[in-house]
Amino acid sequence: RAGIAEYASLLPPNSHGEANPADKDPIPQPFDNTYNGAEHDAFILKVKYQRADDFFARNMVDGAARERLNQAWNDLFGSWPYHDAYLGMLVDHYGLTLKSRRMEDMDTTAIAALPAELRPCVVPIRAHYEQVMKAQKLAEPGHVEQALAFASRAWRRPLTLQEKEKLRAFYEKARTTLALDHQDAIRAVLARVLMSPAFLYRTETVAATTAEKPLSGAETASRLSFFLWSSIPDDELRRAGSAGELAIPAKLNAQVKRMMADPKARRFATEFFGQWLGFYGFDRYAGVDPVRFPEFTEEVKSAMYDEAVSTFEYIVRNNRPVMEFIDADYTFVNQPLAKFYGLKVTDDKASADTMFKVEGARAFNRGGVLRLGSVLTATSAPLRTSPVKRGDWVLRRLLGTPTPPPPADAGTLPADDHSFEGLTLREKLTQHKRNATCAGCHVRIDPLGFPLEGFDAVGRSRSVYADGKAVDDTGEFPGKSTLKGAAGLVSYLRTQDAQVMKTLSRKMIGYALGRTVLASDQPLIDDMTKLGGSATFPDLVAKVVASRQFRNHLGENEGVR
């Protein structure tokens, strides 16, 4: 209580500050502090900062804390021409013309030649300038060391002694031979770091024999980080790699769990699922006719992309079962997307533009990858739906059993369903399938595409076509078994869990290793498939990162196996 009383007695009350409550930080004398005035606004834009923490620095911090605070201020004031901007404002205020408006040129002689009214203002700014420049000069050796630390992060491994010496020598050459100042020399060092193949490429040391060679700790950390975060390792992962912990299965698995729960795992949802399932970069998608579908705005398109990424991020970061991505009973929308889908979302959180989780999505024909607006739109034609594209997407992306390319004389349906001459899309496809060379593929594709006809070309639910005819969303296999709507397709795919898991496992292995899946990867694929649809994505990732393939290099002379 005594300490609080002392603090209250010393702290200047807020009422002693600027009277205008909208201007808590008045600009200093001699400038006009009139709020929204020309000089006030110019100071805020040009000079930007002033140090007004004298009470805090004197009474609340000391020792190393005060030193760090002063260093932070010096870093700020020295990072751009602050003092030149301040001098320029003073010159303009007094309506003067000077030979130089640079504080660097304001030596004792130049200050003595200033008008009497300007001199008292420039003297303390010049003293502050000298203080900051002195601090900057003392910091220069540390900047070089920080550039080396930056290089270690950028190259994703510890630097060798030779590399450190080369970068230091490059800095010294820039200062002496090229006559660059310290700032430009440091820029040159950073440019060299960022132009190095060690930054531009994910380089790994390959054994010169046919034998496999284990990854180093730094290489394992880099491979793991790019797999899960699409970025360089963080401090914890670098530490674990340096300590040799990533060679210990239990500690490696602990890192996987930590990384999959981290917000940066959204990048895994964006990159892996986006590339596999075809919604990658959908926020830049240009395959919708804006005249036919004017409601499909940039705002809606961006929200559809976020819907897909947020769905997979939720499944990944919350340890949800793998097969939930097929039959999830929730989705993510914001208010514009909810309106576009025709959903009545009453929760207050949905009034913002941020994505909001909506439970019970199956009740309004949403939830899971098959009902994502981005996927449904990307598998449509610009003017109409395409059961062929959607069925092929299911075969290719989920089941991993694509059909061969169509023959050259296969022909195509009209791009606009308005020109179907009164026929439905199903009837036009029936005519098309009379060609024997086409029928063989369509009997596999169409039953998986027609169940999604309950969604239009931009992913909205529908029960009738534009001409008023009822939508038939039945998929019929040759044996007369049928699928009804998206729900029927979901049920069918759940009977194919093993095949979907196999496809998922192949895609994940190829993505993690950055190469084509090989025959030698089959045992790993089998192990991942056996985990079943109740496994989580961290479970699958743990299998991949613990595998021989992920933790070793192929030898330099080792052929494809």
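Between S242 and F477, the contour length at 0.36 nm per residue exceeds the Cα-Cα span by 79.0 nm.
Built from the Cα atoms of the chain, the convex hull projects on average onto 39.5 nm², one quarter of its surface area.
By its C-alpha gyration tensor, with a ≥ b ≥ c as the square roots of the eigenvalues, how is segment 285-399 shaped: rounded for a/c under 1.5, else prolate for a/b larger than b/c, else oblate? Please report the intermediate quantities before stating the final value.
On the way: a/c = 1.95, a/b = 1.09, b/c = 1.78.
Oblate, since a/c reaches 1.5 and b/c is not below a/b.
Applying the Karplus relation 6.51 cos²θ - 1.76 cosθ + 1.60 with θ = phi - 60° to segment 78-88 yields 3J(HN,Hα) values of x, 7, 7, x, 4, 5, 5, 5, 5, 4, x Hz, where x marks Gly and Pro.
Suppose we look only past 13 Å in the calculated P(r) of segment 451-495. What percent of the Cα-Cα pairs does that tail hold? Walk me through the intermediate numbers first.
Working: 563 of 990 pairs.
Of all Cα-Cα pairs in segment 451-495, 57 percent lie more than 13 Å apart.
Taking each residue as 0.36 nm, the span from E130 to R462 lengthens on full extension beyond its C-alpha to C-alpha distance by 112.3 nm.
Think of a 1.4 Å ball rolled over the protein heavy atoms: segment 281-329 then has 41 Å² of accessible area per residue.
So, with a 1.4 angstrom probe, what is the percent of accessible area on the chain that is carbon and sulfur?
The value for the chain is 55 percent carbon and sulfur by accessible area.
What segment 182-269 shows is 49 Å² of accessible area per residue, with the surface traced by a 1.4 Å probe over protein heavy atoms.
For the cross-link pairs K428/K484; K46/K99; K48/K301; K389/K502, which exceed 27 Å when the distance is taken from alpha carbon to alpha carbon? Can you show the working numbers first?
Working: K428/K484 20 Å; K46/K99 20 Å; K48/K301 38 Å; K389/K502 22 Å.
Going by Cα-Cα distance, K48/K301 fall outside the 27 Å limit.
The value for segment 366-426 of Rg(Cα) / (2.2 N^0.38 Å) is 1.27.
Cross-link reach is defined here as a Cα-Cα straight distance under 16 Å, omitting same-chain residues fewer than 8 places apart; for K543 the aspartates and glutamates meeting it are D521, D526, D527. Equivalent-ellipsoid semi-axes for segment 106-219 (Cα gyration tensor, √(5λ), whole Å, largest first): 47, 13, 10.
For a Förster distance of 35 Å, can you work out the FRET efficiency between the beta-carbons of A116 and L76, rounded to the nearest 0.05?
Efficiency, from the Cβ-Cβ distance: 0.65.
Length available on full extension from L69 to A498: 0.36 nm per residue minus the Cα-Cα distance, which gives 148.5 nm. Ratio of Rg to Rh for segment 424-561: 1.13 [Cα atoms; Kirkwood radius as inverse mean 1/r over pairs].
Estimated purely from DSSP H runs of n ≥ 4, each contributing -39500 (n - 2.57), the mean residue ellipticity at 222 nm for the chain is -15000 deg cm²/dmol once divided by its residues.
Enter the Cα centre distance for the pair segment 317-393 and segment 225-298, rounded to the nearest angstrom. Each part reduced to its Cα centre gives a spacing of 20 Å. Mean separation of Cα pairs under 8 Å and 6 or more residues apart, divided by the residue count, gives the chain a relative contact order of 12 percent. Shape descriptor for segment 363-514: Rg over Rh equals 0.97 (Cα atoms; Rh from the Kirkwood inverse mean 1/r). Karplus-based coupling profile of segment 244-258, in residue order and whole Hz: x, 6, 6, 8, 9, x, 5, 6, 5, 5, 5, 5, 4, 4, 4, with θ = phi - 60° in 6.51 cos²θ - 1.76 cosθ + 1.60 and x standing for Gly or Pro.
The values are calculated or read from the model by the stated rules, or taken from the named source; none is laboratory data. Please read all numbers here as calculations on a predicted model, not as lab measurements. All Cβ positions, glycine included, derive from the backbone under ideal geometry; neighbour counts span all protein chains shown. The accessibility values were calculated without ligands, DNA or RNA, using every heavy atom of the protein model including side chains. Shrake-Rupley method; radii C 1.70, N 1.55, O 1.52, S 1.80 Å.
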